[in-house]
1. Under 8 Å by Cβ, and 6 or more places apart or on different chains, what pairs join a residue from the range 70-98 that is touching a residue at least 24 places away in the same chain (Cβ under 8 Å) with one that is crowded, with 18+ Cβ neighbours inside 10 Å and β-branched (V, I, T)?
2. Among the residues of the range 103-140, which ones are open to solvent by less than 50 Å² (accessible area, probe 1.4 Å) and more than 21 Å from G165 (Cβ to Cβ)?
3. Can you find a residue that is in contact with a strand residue (DSSP E or B) (Cβ under 7 Å, 6 or more places away or on another chain) and either without any contact (Cβ under 8 Å) to a residue 12 or more places away in the chain or of a type in the set (V, I, T) (or both) anywhere in the range 153-164?
4. Keeping to the range 89-139, report how many residues are over 20 Å from D169 (Cβ atoms), in a helix (DSSP H, G or I) and more than 26 Å from the chain's Cα centre (by Cα).
5. Could you please tell me which pairs satisfy a Cβ distance under 9 Å, a separation of 6+ or placement on different chains, a first residue in the range 114-139 that is closer than 15 Å to D71 by Cα and polar (S, T, N, Q), and a second residue that is part of a helix (DSSP H, G or I) and open to solvent by 60 Å² or more (accessible area, probe 1.4 Å)?
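The values are calculated or read from the model by the stated rules, or taken from the named source; none is laboratory data. As the structure is a prediction and not an experimental result, all values here were calculated from the model. With ideal geometry, Cβ positions are generated from the backbone for all residues, glycine too; neighbour counts draw on all protein chains shown. All accessible areas refer to the heavy atoms of the entire protein, side chains included, with ligands and DNA or RNA removed. Shrake-Rupley method; radii C 1.70, N 1.55, O 1.52, S 1.80 Å.
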Amino acid sequence: MSNDNTSTLKSVIDSATGTVQNAFGAVTGSTADQSQGQAKQNKADAEYDASQATAKVPGFTASSSGAVTKDDPNRTAGSYNQTVGAAKEFVGGVTGSESLKAAGRKQNQEGQEQEAKGQVKDYAAGVSDRITGTMGEAVAGITGNKGAQEEYQKQHAAGKTTQRGAEQDILKQADAESGASRKS
């Protein structure tokens, strides 16, 4: 693994070693060990935050690793269908057209299902790419194949970006649903 690759696992390991070193320093009275341990913990916190960083724009996700991935088409189409369906439902409610309102409600629901399907597909593909990238990178590292190692690092980074993008959208939806149920 390269030194500039932000990793959630690496941040957890660094945090644990920092905690142990800090505790060892406290027991032995070594302020140097305590300081170094605390510094490792602080660095681990920053690594963790960086490993989770993603930016979402419609149809794409970018991560701190520099990877940019395209969302599954069902996510974009589903979001569009939700918007159009909600508009139809609103117009049907305003004009008193029950058929337009029902059609809008149906399209909105279908859009939610379509978007969820795309999110699950992206999440699974991201996890798969991360696993394949990690395993391939390890094998390439053992065999000394630097070119393959770089390609597997890119695959891992793209998988992580895809997974984080799906997670971000799933959490955003869950928060919106939670907020809507609290208002009811």
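1. Listed by first residue and then by second, the contacts come to D71/T61.
2. A103, G104, Q107, N108, G136, E137, A140
3. Checked the range 153-164: at least one residue is in contact with a strand residue (DSSP E or B) (Cβ under 7 Å, 6 or more places away or on another chain) and either without any contact (Cβ under 8 Å) to a residue 12 or more places away in the chain or of a type in the set (V, I, T) (or both).
4. Going through the range 89-139 one residue at a time, the tally reaches 16.
5. Qualifying pairs under 9 Å: Q119/I170.
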